[in-house]
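Right, one structure below, let's go through it.
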């Protein structure tokens, strides 16, 4: 949902009066509602059409949150050439984008581990078993598909080596 910035404190006071003072202090500490929303980009978006009094705060939906950290994860893997050792993934994700890595970590825990997490996203990522323990990789599917299409110019050409 979206709520006009001018209504946030009014609505909060009537909805949850017990948290009103604490929230107001936190917003003031952040430097205002706009800066508060900017501190939590995975939760809020500041919406402005340029007209005074029309600024609003919009909640980020769960789907947008999930897409956000999946996009960050894909960026990290692409940065490493489209594949990354699973054992290095959390460390690299944390260095790349600390905030998104926290959401990613929470989703990993909820999924029951890395392998199960990636099993939930077969449209974007591929879990590849290595020859030895600790050599499992995560690959970006989109890159793989484009490689297959690039190398599959002739009809009947064997693309098995790219799978």
How far apart, in nm, are the 7 Å Cα→Cβ label points at residue 49 and residue 79? 3.8 nm
With a ≥ b ≥ c taken as the square roots of the eigenvalues of the C-alpha gyration tensor of the stretch 1-77, please select rounded if a/c is under 1.5 and otherwise prolate if a/b is larger than b/c or oblate if it is not? prolate
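Quick check on packing: order 17-29, 93-105 by the mean number of other C-beta atoms within 10 Å, highest mean leading.
Numbers: 17-29: 11.8, 93-105: 16.8.
Listed from highest to lowest mean packing, they are 93-105, 17-29.
First measure r as the distance between the Cβ atoms of residue 10 and residue 40, then evaluate 1/(1 + (r/R0)^6) with R0 = 22 Å and state the FRET efficiency to the nearest 0.05.
Values: r = 21 Å, r/R0 = 0.94.
After rounding, the FRET efficiency stands at 0.60.
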Computed E for residue 91/residue 25 - FRET, C-beta separation, R0 35 angstrom, nearest 0.05: 0.50
If the chain between residue 129 and residue 141 were fully extended at 0.36 nm per residue, the gain over the current Cα-Cα distance would be 2.8 nm
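Give me the extension gain from residue 119 to residue 3: residue separation times 0.36 nm, minus the current Cα-Cα distance, reported in nm with one decimal. Working shown, then result.
Values: separation 116, 0.36 × 116 = 41.76 nm, distance 3.67 nm.
Extending this stretch completely gives an extra 38.1 nm.
Since every read-out is calculated from the coordinates, none of them should be taken as a lab result. Because the structure is predicted, anything quoted here is derived from the model rather than measured. Reconstructed Cβ throughout: ideal geometry from the backbone, glycine too, with neighbour counts over all protein chains shown.
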